[in-house]
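A quick write-up on the structure given underneath.
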């Protein structure tokens with residue numbers, strides 16, 4: 001049987017380049033975290049938000065079921081490892097909270113294209129051809145390989161995908177995987193969404 005699919009929105013970052021909490025930024029009526037969680041929760045059996053230990057009681061994040069980042073690993077891969085430790089028999093759809101152009105159609109494409117026989121299913125970046133690790137499905141079989149990746153001193157989930165047996169899909173909507181890392185990015189994307197409408 002295909003392992004069940006759970007979901008995790010990554011919201012444990014420090015947002016240092018943005019200079020404000022990415023999860024709380026809003027391109028419309030709701031914070032990014034609220035929108036990302038809703039998109040994810042509609043498509044998985046269980047959904048959580050990844051947080052650092054010092055964010056557990058934070059007002060926005062406390063609204064959602066949480067998985068707390070821990071060792072091993074740092075950055076997004078720590079969230080993936082913590083999720084896999086909580087439900088090791090599930091596959092995990094990992095989703096960054098800062099994808100303002102993301103729509104349900106992109107997540108539906110990822111889920112429909114999932115290959116449970118590979119360690120992961122991810123999208124291929126339309127510009128550079130590299131895998132997109134933060135809108136991807138990680139199968140239960142990837143757990144030991146991810147732990148080994150981190151034990152070898154590597155915390156980058158993209159490098160993990162590059163080095164292992166994964167399926168890469170070409171996104172129907174490449175712009176859906178664009179994110180905002182700086183205040184200028186945020187203003188540019190917000191202006192674009194005002195013009196074109198939210199996905």
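The values are calculated or read from the model by the stated rules, or taken from the named source; none is laboratory data. All values reported here derive from a predicted model rather than from experimental measurement. Positions of Cβ are generated from backbone atoms using ideal geometry, with glycine treated the same way; all protein chains shown enter the neighbour counts.
Scanning the range 81-100 for residues that are under 21 Å from residue 60 (Cα atoms) and in contact with a helix residue (DSSP H, G or I) (Cβ under 7 Å, 6 or more places away or on another chain) yields a total of 6.
Results for (1) exposed (fewer than 13 other Cβ atoms within 10 Å of the Cβ); (2) assigned to a helix (DSSP H, G or I), shown as yes or no for each residue.
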position: 2; (1), (2): yes, no
position: 20; (1), (2): yes, no
position: 47; (1), (2): no, no
position: 54; (1), (2): yes, yes
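Candidates in the range 62-75 are the residues that are within 17 Å of the chain's Cα centre (by Cα) and modelled with pLDDT of 95 or more; of these, the one that is surrounded by the fewest Cβ atoms within 10 Å (Cβ to Cβ) is 65. The requirement of being outside any loop (DSSP other than H, G, I, E, B) and under 14 Å from residue 146 (Cβ atoms) is satisfied by residue 78. Do we find that residue 34 is surrounded by 17 or more Cβ atoms within 10 Å (Cβ to Cβ) and either in a loop (DSSP other than H, G, I, E, B) or touching a helix residue (DSSP H, G or I) at 6+ places or on another chain (Cβ under 9 Å) (or both) in this structure? Yes: the conditions hold for residue 34. Applying a threshold of 7 Å to beta carbon distances and a minimum spacing of six or more residues, or different chains, the list of pairs starting in the range 57-73 at a residue that is more than 14 Å from residue 11 (Cβ to Cβ) and ending at one that is in a loop (DSSP other than H, G, I, E, B) reads 73/155.
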